[in-house]
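For reference, the structure discussed in these notes is given below.
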Amino acid sequence: MYRAIRMPVLAALAALSFGAAAQVAELNLYSARHYQTDEALYANFTKATGIAVKRVDADDAAVLARLQSEGSASPADVVLLVDAARLWRAEVDGLFQPVRSKALDARIPTTLRGKDGGEGPQWFGLSTRARIIVYNKAGVKKEDVDTYAALADPKNKGKVCTRSGSHPYNLSLFGAQLERLGEAKTEAWLRGIVANMARPPKGGDTDQIKAVASGECLIALTNSYYLARLMRSERPEDRAVVEKIGMVFPDQAGSGTHVNIAGGAVARHAPHRAAAVAFLEYLASDEAQAYFANGNNEWPAVAGLKIANPALDAMGPFKAETLPIAVVGMNQVKVQRLLDKAGYK
Ligand code: FE
């Protein structure tokens, strides 16, 4: 009883004596990313700013559901999500607010940010991943799968497997194709992929890689970091998978490989807005970019920044598409309609 009364008094005194400083000394982070290197990442921010980071770790869908249900009472300051399709959806659902920051403008390429509606973008890419093609080396020649178009080529009939067409990773890739090819050609391409499937879509990206290795199918799409993770694994079963597969960055002779992002935003009702912006700016610093990207075997969003990652080094440099990622996210509604027409589950 004594404690119950005394605690709020102490808190009130602390707020009075430290004023504004006490109010920004913490930050609530809702994160769909959780990797070993996160601890060092957040500890370094706290060391530099005195702002404690309180984390709510959940997957993307759970983070979004929680923000929705909490509404204006949400304690969330910063939100970390993966894929432009999800970031765009959250923006449209009114879960973020615009941020005007010289540091972020200078560091994060315009193609990797949300659309600037006048008051600044509502989200910023912090790391990049490529949507690559993997193939079974014993059954497929690299030159038969070196473009996204090849996924729909009749020569690859019965060989292709993918996760659900409606998953954000595919919605974004297909949205990029839509931007480039237009509706009719994109629909024809999606029908071609469906016609080439070895089995109905199921599982995640790692499941597709394993299905390619086992021969259940011979060609699949995956985000680059899932392959990098297997390449860096010491488990014999993962080594065996990596032995059997080849990888290709599609469309190197054309418009480049589709690249997506993991990104951050300031929550719509952020109680600690200044701290939230400072945190996003910190994540764009050289030091934090290396932690953030390496934690999930991704590339930094900041251009020209080199990180030491043996799997990414082994994959080699590649030409990335240059479409603004905000456009790609925006196209997902149209893409879903095309998927339904093409019978792509
Ligand atoms: Fe993922």
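Worth pointing out:
- Every test in (1) within 16 Å of the ligand (Cβ to nearest atom); (2) buried (at least 17 other Cβ atoms within 10 Å of the Cβ) is passed by M247 save one, and that test is (1).
- Out of R89, R66, R107, sole residue that is of a type in the set (D, E, K, R), open to solvent by 70 Å² or more (accessible area, probe 1.4 Å) and closer than 19 Å to L173 by Cα: R89
- Residue in the stretch 136-145 that is in a strand (DSSP E or B), away from the ligand (no atom under 16 Å from the Cβ) and open to solvent by less than 60 Å² (accessible area, probe 1.4 Å) present: yes
- Scanning the stretch 202-219 for residues that are within 16 Å of the ligand (Cβ to nearest atom) and open to solvent by less than 30 Å² (accessible area, probe 1.4 Å) yields G204, D205, Q208, I209.
- Checklist (1) open to solvent by 20 Å² or more (accessible area, probe 1.4 Å); (2) closer than 30 Å to D93 by Cβ applied to R229, failing item: (2)
- Scan of the stretch 118-145 for residues that are more than 22 Å from the chain's Cα centre (by Cα) and among the small types (G, A, S), ordered by number: G118, A138, G139
The values are calculated or read from the model by the stated rules, or taken from the named source; none is laboratory data. Small disclaimer: the values here were computed from a predicted structure and weren't measured. Neighbour counts are summed over all protein chains in view; Cβ atoms, including those assigned to glycine, are modelled from backbone coordinates with ideal geometry. Ligands, DNA and RNA are stripped out before the accessible areas are found, and what is left, the full protein with its side chains, is counted by its heavy atoms. Shrake-Rupley method; radii C 1.70, N 1.55, O 1.52, S 1.80 Å.
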